[in-house]
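Structure record follows, encoded as structure tokens.
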């Protein structure tokens with residue numbers, strides 16, 4: 001139980017384009033999901049808290065217009081990186097509470 | 001401001017012996033703590049958690065100890081196995097359900113034969 005999936009697992013895109021990452025809780029419903037990013041050899045940094053049916057709560061320093069989060073159902077949250085730039089290249093990970101947070105496998109984004 | 005710290009970036013332990021990973025926190029509002037295991041390019045895997053009303057929680061080879069007065073927790077792995085080699089993160093939150101997690105910097109554990 002408590003399986004979280006992410007799609008895609010890796011993506012390469014050109015600078016200026018937008019990329020959508022999906023996070024799904026496969027065997028439970030999650031009113032709250034979280035989005036993290038991890039740079040090489042660093043810790044996981046929370047980007048935003050995604051609440052089903054309401055606006056996401058962003059951490060300080062995270063641009064909400066650049067990282068669009070939609071939590072349209074109890075099993076799906078999406079993160080869209082708009083107008084991606086090379087500095088957005090990172091490992092993006094989502095999680096859902098059950099009640100401990102269970103994490104997806106992550107998405108490696110490379111912006112060229 | 002690093003609210004959750006893991007001061008040992010790496011730890012090397014022989015197979016069969018005990019691995020002890022340490023974590024310190026500064027925010028007294030934290031009352032739920034978790035340990036995760038992570039491999040490169042994968043999401044963290046939940047191992048074990050403890051709430052602030054307890055000082056010990058055990059699950060198989062994994063035991064977490066919490067010392068609230070010292071704001072310190074530790075993860076004990078006994079006996080250590082080569083498959084335990086990974087990066088271990090401790091994390092803290094203010095509630096056990098929907099609050100955000102604050103992660104430590106991680107400790108790379110290597111278990112050698």
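Worth pointing out:
- Annotation note: of B:40, B:79, B:44, the sole residue that is farther than 30 Å from residue A:56 by Cβ and either modelled with pLDDT under 95 or over 10 Å from the mean Cα position of the chain (by Cα) (or both) is B:79.
- Matching option when the condition is free of Cβ contacts under 8 Å to residues at least 12 places away in the same chain and either out of contact with any strand residue (DSSP E or B) (no Cβ under 7 Å at 6 or more places or on another chain) or within 28 Å of residue B:39 (Cβ to Cβ) (or both), among A:14, A:41: A:41
- Single residue of A:49, A:17 found to be farther than 28 Å from residue B:107 by Cα and either within 13 Å of chain B (Cβ to nearest Cβ) or surrounded by fewer than 19 Cβ atoms within 10 Å (Cβ to Cβ) (or both): A:17
- In region A:80-105, the residues that are more than 7 Å from every other protein chain (Cβ to nearest Cβ) reach residues that are surrounded by 15 or more Cβ atoms within 10 Å (Cβ to Cβ) and assigned to a helix (DSSP H, G or I) with C-beta atoms within less than 8 angstrom, at least six apart or across chains, in these pairs: A:81/A:88.
- So residue B:26, is it touching a strand residue (DSSP E or B) at 6+ places or on another chain (Cβ under 9 Å) and either over 29 Å from residue A:91 (Cβ atoms) or away from chain A (no Cβ under 14 Å) (or both): yes
- Residues of region A:82-112 that are surrounded by 22 or more Cβ atoms within 10 Å (Cβ to Cβ) and under 18 Å from residue A:38 (Cβ atoms): A:84, A:92, A:93, A:94, A:95, A:96, A:101, A:102, A:103, A:104, A:106, A:107.
- Which numbered condition residue B:29 fails, given (1) part of a strand (DSSP E or B); (2) touching a residue at least 60 places away in the same chain (Cβ under 8 Å): (1)
The values are calculated or read from the model by the stated rules, or taken from the named source; none is laboratory data. This one's a predicted model, so the numbers in the text were calculated from it and none came from an experiment. Counting neighbours? That spans all protein chains shown, and the Cβs are built from the backbone with ideal geometry, glycine included.
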